[in-house]
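One structure below.
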Amino acid sequence: MPGRYGTGDLLPLEHLAGRYVIVEKIAQGGMGAVYKARDQRLEGKIVAVKEMSESAISHVEREHVLESFLREAEILARLRHPNLVQVTDRFQEKGRQYMVMEFVEGKTLKGLLEARTEPFPEEQVLIWADQLCDVLTYLHSQEPVSY
């Protein structure tokens, strides 16, 4: 189902930027959607493509929101950590902004929680907490970028 602001309506086999072929929509949010896609330049490598519609943004906020989206892509592209996805590309097409990143197969934490009737074992939660703390330590050790 397409999003309120015209995102999420890309169909399987649709092309983006002459490079990415949509496989399926994997998530839909208020101002955007995320797709599983095949990168034709990299031997069909599977990637995630995050879409944000510019129509969702008021004229007054447009410049700030677009600048924030581009800054997010640039910052994420610099980061290298085993628990963060790698951002590999960004582009604009048909009034929408796109960010391309590594695709991680699996279930979301929300999906895992919804599928359970009892709490996760303490050992598993501690592993996740350790991974989260490691990512936060890494992020806080990064030098801020001026824009």
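Observations
- Taking other residues whose beta carbon is less than 11 angstrom from the beta carbon of Glu74, and scoring Lys, Arg as +1 and Asp, Glu as -1, yields +1.
- With Cα atoms, 0 to 90° folded angle of helix 122-140 axis to the chain main axis: 50
- Table column - 3J(HN,Hα) (Hz), segment 17-33, Karplus curve with 6.51, -1.76, 1.60, x for Gly and Pro: 6, x, 9, 9, 10, 5, 9, 6, 7, 10, 7, 9, x, x, 10, x, 8
- Each residue was assigned an accessible area with a 1.4 Å probe, and for His64 the value is about 120 Å².
- Candidates Leu76, Ile26, His140 compared by Cα position along the dipole of the chain: farthest toward the positive end lies Ile26, with charges placed on Cβ.
- For Gln86, the residues 5 or more places off, or on other chains, whose built amide H falls under 5 Å of its own are Glu102.
- Considering only Phe120, Phe69, Phe91, the mean-square fluctuation computed in a Gaussian network model of the chain, springs between alpha carbons under 10 angstrom, is largest for Phe120.
- One entry in (1) 27, 21, 17; (2) 22, 18, 17; (3) 25, 20, 16 is semi-axes √(5λ) of the Cα gyration tensor in Å calculated from the shown coordinates; its label is (1).
- Note on surface exposure: Lys94, Lys36, Lys25, Lys110 rank Lys94, Lys110, Lys25, Lys36 by accessible area, highest first, 1.4 Å probe.
- Degrees separating the helix 59-78 axis from the principal Cα axis of the chain, which is the longest one: 50
- Highest-fluctuation residue, Ile127, Ile57, Ile75 considered, GNM on the chain with Cα pairs under 10 Å: Ile127
- Computed over the chain with a Gaussian network model linking Cα atoms closer than 10 Å, the most mobile of Ala27, Ala17, Ala129 is Ala129.
- Per-residue Karplus couplings for segment 89-104, computed as 6.51 cos²θ - 1.76 cosθ + 1.60 with θ equal to phi - 60°, are listed in order as 6, 8, 6, 10, 7, 6, x, 9, 9, 10, 10, 10, 9, 4, 9, 10 Hz, Gly and Pro entered as x.
- Heavy-atom accessible area with a 1.4 Å probe sorts Asp89, Asp9, Asp39, Asp130, largest first, into Asp130, Asp9, Asp89, Asp39.
- FRET efficiency, Thr117 to Arg62 (Cβ-Cβ, R0 41 Å, nearest 0.05): 0.35
- By the rule of a C-alpha distance below 27 Å, with chain neighbours fewer than 8 residues away ignored, the lysines paired with Lys94 are Lys25, Lys36, Lys45, Lys50.
The values are calculated or read from the model by the stated rules, or taken from the named source; none is laboratory data. Just so it is clear, the structure is predicted and the values come from calculations on it, not from any experiment. Don't worry about glycine lacking a Cβ; one is built from the backbone with ideal geometry, like all the others, and counts go over all protein chains shown. In case anyone asks, the SASA skips ligands and DNA or RNA and just uses the protein heavy atoms, side chains included. Shrake-Rupley method; radii C 1.70, N 1.55, O 1.52, S 1.80 Å.
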